[in-house]
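Only one structure is covered here, and it is reproduced in the block below.
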Amino acid sequence: MSRLARSTIHRPIPSMGRLRGVEHKLMNGSLSQDFNHTPPQNREEIREKSQLQAVVAEAFRLLKEGAPERAIAYIAPFSPLAARSEIGCYVFGLICFNADDPRDALSWFDRALNLKPAYPEALGAKAIILQRLGRPQEALEVFEAAWMLRPTDVEILFSIGVVRQSLGQMKEALDAYEQALCLRPDYCEALTNRGALLERFGRFAEALECFEEIARQRNDDSVNLFNMGSVLQKLGRLEDALAAYEKAARIGPPDPETELNRGNVLQKLSRFEEAIACYDQALLYRAHYPQAFYNKGIALQGLGKPHEALAAYDAALGLEPSYCEAWCNRGNILHELKRLPDALLSYREALKVRPHFLPALTNRANVLLELNRFEEALHSCTEALKHDPNHARALGISGAILHKLSRFHEALEALDKAAALNPASPEVALNRGNVLQELGRLPEAIAAYEKALALKNPYPEALSGLGVALKEQGRFNEALACFDQALDLKPDFADARNNRAGLLLLYGRFEQGFADYESRWDRSNAPRKIFESKLPYWEGAPLQGQKLIVFDEQGLGDLIQFARYLPCLVDAGAEVTFLARRSMHRLLSSLQGPIRLIASVDPEEDFTYQIPLMGLPRAFGTRLETIPAAVPYLKAEVDRITQWAERIGGPSFRIGICWKGNPHINLRRGMSPDHFAPLAALPNVRLFSLMRESSLTEAEGSRIPDFIETLGPDFDAGDDAFLDCAAVMDNLDLIITSDTSIAHLAGALARPVFLALKQIPDWRWLMEREDCPWYPTMRLFRQKQNGEWREVFDAMTRAVAEKLRQEPTPATGHDSLGPSSSSLRHPLAIPSGIGELIDKITILEIKASRIGDTDKRAHVEHELALLRQLRMENGFDTVSLAPLETKLKAANLILWEAEDALRQHEAEGNFGANFIHLARQVYKTNDQRAALKREINIIFNSPIIEEKSYNDRRA
């Protein structure tokens, strides 16, 4: 499955439209009106007011000259005079306010209001001070009191709007600005703040109208041009927005926010280099500007410069360690660089700052999905969906995770919801196709892949998925075209190459198929390598005297199937070490040849080559006609065979059955145990479950039909795998199974086995044939229609019934219903020495690996199977025999090579020194061979001891 696409980079953060302040300008121009508002009553009042006016005028002069301390010092002696009138208190408050002494200013305004509570100017001034002191709720109450006295005062209404906005009361603030504009439609400050709020509410067209009205009055206002640019940007009018920002930058003072937003527009226009220049300019104006570094990182990412982008995000975080978006984008870059653990650390930092930050939660889930940490990934998505149940991306990733967890119906539900919320997502369409394919709903899967390709083309991942679905429909040529096209677009696309490998191998095109199959280590669901080394891989070089380590991989069925190649390595002269799961060692110890089995590697040990187990067919250049198919190559333990013979007992036709394997890989390969009912109805047939009780859920265990006998809780309950199963198989007349490791075990033991296959099976079973080139005793029964097992079981039932008619009561458990059964009936009993038997087996093993002709090879393998069976039944398989057998096989291999060379020399008429040397090698090796056979006969007390007579020609 193709991996899900990463989240889009978090959008650059624009500066919002700027608010106009509400602080009053210096009021010296209107002071005379304030002083004359209340006429003096007597000569003394006239004198005091005149003196106070002079003091105030001098204080404001000092303020204008930039000497606030002198202004305050100047008025201090006149405080008692000012305190006697509300206007004096008010004006002294203004002086303190403008001298940046808000607390004294507030005291003077309170004195004025004590003298005259209904004093709107003092109320307004007090409210401004309270807002300045960070007491906005009190400021609002005072402004509203002033407004009650002057309901048509637009300045007070405007100020009420500003305070409400600072309190987060945005709707009420907007109402205040609109009331002010009803009284004065050309009030630019109110238009500015109304526009900024409308922008915040997403009412961009109305906001633009406000800024355009200001522009008609003040075309050279850089702040208004900035705000226009912000709204035009959000309306998608990028070129107009850029023009507004450029004019603001040209006529206004140096401004980092203008450069930041100008860069954002250029970035949206994919003019990344120019955007970066703007961000750099912003950083010249303000070095401590994390947003500029952050947006620069995004632009660098757009230019395909991830390392420079990472440095920009790090710079932003150096200035602002709690910058959540920068942590998140840093994680995205690290994900892109395949530094997945580091990416997770970045997302963790983002979530420390904002635990419910959805981009960090979903991106973290995506990385965990890629790391196959599915439960953690699902938890991350679940957290995101708690806060936004309709978050399309979280739903899409959840669907992909649930797919990996084989929770296909839940996965489809999540992906359907994601598709409804975001129908234009090609990733969701792709993942829907993957899940529908797993559910066997192939026409819908194909439609989903085609939708993905319609939304995004080229899309190699969708082509690969489509190819798999077409293959499952038997449309092989179309499937191959899809895989080829995906690889043309993306040559390093391991998933597509691996999928093509499966199709080519299914065709029997082993050379290219096994070459493509090497991509399995790089696919999205790659198997884990249990051995990592810098050793060279063995690619078919001569192995005589070389140390080779082979390491186990993938499933148990794969291990059993390809373990046949290990003796071939020994035959080629290698010293073979097999690194395999410990649970398989006892079974594998029955392989021919000295093969060392280990569960861990000594780091000090040296090897010449390494190779994964499933790389051996390619290294040997395996073709259909050269598959090493000599069976049995595994053997059950004799004591266990006897024990199970006693437990199973009874002269019946005994069939071992298996109906399901690994639930994560065997969807649609398995079937219900009820399908075996027709077989159970045959006379004298007993069915035995070959499934361990621990492999079944409680519900599955309770649903096993009564006609199936189970083998008890101790059946293969130990640490070693398949020991009981192999011994039981030796006591059965037939094994019937779905595509599981049980099928491989039965075939490797040369037991008769019926394999029930889905319509388009796994590659190793090929197409349109009933026999299996990997297992000569296996017969294949294929679905004619996808998902339909009835016809398969009807055919198997007829085959068993026919066998029962031929032999109503089986004499032993070793009759075969496989393709070669008729030739195994009545072998001749010819007296022979045990050494001769072992010698013959080694010769046949060499022939089986060397003869290319299919018919000839089949005869050799048939004979080899008979002799191995004879050897096993008579117990000629002991530890003491192994070194003698190895030497005997080595002698026969030398003879094989020497005799081939002699024939070649004879054909060429070359009877010189080399011909004589080879001839001597033949008779000397034959002498060694005879001695080895005689030693074997003596060890086993054979009634026949081979002797050899020859003249001793020693000089």
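The values are calculated or read from the model by the stated rules, or taken from the named source; none is laboratory data. Just so it is clear, the structure is predicted and the values come from calculations on it, not from any experiment. Reconstructed Cβ throughout: ideal geometry from the backbone, glycine too, with neighbour counts over all protein chains shown.
Okay, here's what the table says:
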| quantity | calculated |
| --- | --- |
| Test for Asn28: is it at pLDDT below 55, on the phi < 0 side of the Ramachandran plot and in contact with a helix residue (DSSP H, G or I) (Cβ under 6 Å, 6 or more places away or on another chain) | yes |
| Long-range neighbours under 9 Å by Cβ, at least six apart or interchain, first residue within 12 Å of Ile333 (Cβ to Cβ) within region 305-323, second in a loop (DSSP other than H, G, I, E, B) and hydrophobic (A, V, I, L, M, F, W, C) | Pro306/Leu337; His307/Leu337; Ala309/Leu303; Leu310/Leu337 |
| Subset of region 512-543 (residues that are surrounded by 13 or more Cβ atoms within 10 Å (Cβ to Cβ) and of a type in the set (D, E, K, R)) | Asp516, Glu518, Arg520, Asp522, Arg523 |
| Subset tally (residues that are touching a Leu at 6+ places or on another chain (Cβ under 7 Å) and of a type outside the set (A, V, I, L, M, F, W, C)) for region 594-622 | 3 |
| Residue check for Asp571: acidic (Asp, Glu) and buried (at least 18 other Cβ atoms within 10 Å of the Cβ) | yes |
| Unique residue being surrounded by 14 or more Cβ atoms within 10 Å (Cβ to Cβ), in contact (Cβ under 8 Å) with a residue 40 or more places away in the chain, touching a Cys at 6+ places or on another chain (Cβ under 7 Å) and not aromatic (Phe, Trp, Tyr) when the list is Pro617, Pro628 | Pro628 |
| Test: residue in region 150-157 that is buried (at least 24 other Cβ atoms within 10 Å of the Cβ) and part of a helix (DSSP H, G or I) | yes |
| Positions within region 127-155 being over 23 Å from Arg103 (Cβ atoms) and β-branched (Val, Ile, Thr), in sequence order | Thr152, Val154 |
| Breaking point among (1) under 33 Å from the mean Cα position of the chain (by Cα); (2) more than 22 Å from Leu358 (Cα to Cα); (3) part of a loop (DSSP other than H, G, I, E, B), for Ser322 | (2) |
| Single unsatisfied condition, Ser346 versus (1) of a type outside the set (Phe, Trp, Tyr); (2) over 24 Å from the mean Cα position of the chain (by Cα); (3) under 30 Å from Ala394 (Cβ atoms); (4) surrounded by 15 or more Cβ atoms within 10 Å (Cβ to Cβ) | (2) |
| Single unsatisfied condition, Val231 versus (1) farther than 19 Å from Asp255 by Cα; (2) within 49 Å of the chain's Cα centre (by Cα) | (1) |
| Filter result for Leu634 (buried (at least 17 other Cβ atoms within 10 Å of the Cβ), under 18 Å from Trp763 (Cβ atoms) and out of contact with any Pro (no Cβ under 8 Å at 6 or more places or on another chain)) | no |
| Total residues in region 175-205, condition part of a helix (DSSP H, G or I) and closer than 20 Å to Lys234 by Cα | 12 |
| Candidate set: region 358-388, residues that are part of a loop (DSSP other than H, G, I, E, B) and among the charged types (D, E, K, R); chosen: the one nearest to the chain's Cα centre (by Cα) | Arg373 |
| Residues of region 775-788 satisfying the condition of being assigned to a loop (DSSP other than H, G, I, E, B) and under 34 Å from the mean Cα position of the chain (by Cα) | Gln783, Gln785, Asn786, Gly787, Glu788 |
| Tally of residues being modelled with pLDDT under 80 and either touching a helix residue (DSSP H, G or I) at 6+ places or on another chain (Cβ under 9 Å) or in the same structural domain as Ala574 (by TED's automatic domain parsing) (or both) across region 874-884 | 7 |
| Test: residue in region 372-390 that is closer than 29 Å to Cys278 by Cβ and surrounded by 16 or more Cβ atoms within 10 Å (Cβ to Cβ) | no |
| Enumeration of residues in region 262-319 that are hydroxyl-bearing (Ser, Thr, Tyr) and assigned to a loop (DSSP other than H, G, I, E, B) | Ser270, Tyr289 |
| Residue pairs meeting the criteria (Cβ under 6 Å; at least 6 apart or on separate chains; first within 18 Å of Gly593 (Cα to Cα) and in contact (Cβ under 8 Å) with a residue 60 or more places away in the chain, in region 545-564; second polar (S, T, N, Q) and in a strand (DSSP E or B)) | Ile549/Thr577; Ile549/Gln610 |
| Index of the failed condition, Gly263 passing every other in (1) touching a Leu at 6+ places or on another chain (Cβ under 9 Å); (2) touching a residue at least 60 places away in the same chain (Cβ under 8 Å); (3) over 26 Å from Arg194 (Cβ atoms) | (1) |
| Test set (1) at pLDDT 95 or above; (2) touching a strand residue (DSSP E or B) at 6+ places or on another chain (Cβ under 8 Å) - Gly593 fails condition number | (1) |
| Extreme residue, surrounded by the fewest Cβ atoms within 10 Å (Cβ to Cβ), among residues of region 712-735 that are more than 14 Å from Ile641 (Cβ to Cβ) and touching a residue at least 24 places away in the same chain (Cβ under 8 Å) | Asp719 |
| Test for Lys305: is it outside the structural domain of Ala377 (by TED's automatic domain parsing) and not hydrophobic (A, V, I, L, M, F, W, C) | yes |
| Test result for Ile760, of a type in the set (Val, Ile, Thr), in a loop (DSSP other than H, G, I, E, B) and buried (at least 19 other Cβ atoms within 10 Å of the Cβ) | yes |
| Every pair of residues 6+ apart whose Cβ atoms lie under 7 Å, when the first sits in region 51-78 and is under 17 Å from Trp108 (Cβ atoms) while the second is polar (S, T, N, Q) | Phe60/Asn28; Leu63/Asn98 |
| Contacts under 7 angstrom Cβ, first residue in region 131-149 being closer than 16 Å to Tyr119 by Cβ, partner of a type in the set (D, E, K, R), 6 or more apart | Val142/Lys126; Trp147/Asp153 |
| Number of positions in region 923-947 that are farther than 26 Å from Asn874 by Cα and either modelled with pLDDT under 80 or surrounded by 14 or more Cβ atoms within 10 Å (Cβ to Cβ) (or both) | 2 |
| Helices (runs of 4 or more DSSP H) wholly inside region 535-588 that include at least 1 residues being closer than 23 Å to Leu895 by Cα and among the aliphatic types (A, V, I, L, M) | 565-571 |
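Residues checked against (1) modelled with pLDDT under 85; (2) among the hydrophobic types (A, V, I, L, M, F, W, C); (3) assigned to a helix (DSSP H, G or I):
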{"site": "Arg751", "(1), (2), (3)": "no, no, no"}
{"site": "Thr797", "(1), (2), (3)": "no, no, yes"}
{"site": "Ser822", "(1), (2), (3)": "yes, no, yes"}
{"site": "Pro827", "(1), (2), (3)": "yes, no, no"}
{"site": "Thr842", "(1), (2), (3)": "no, no, yes"}
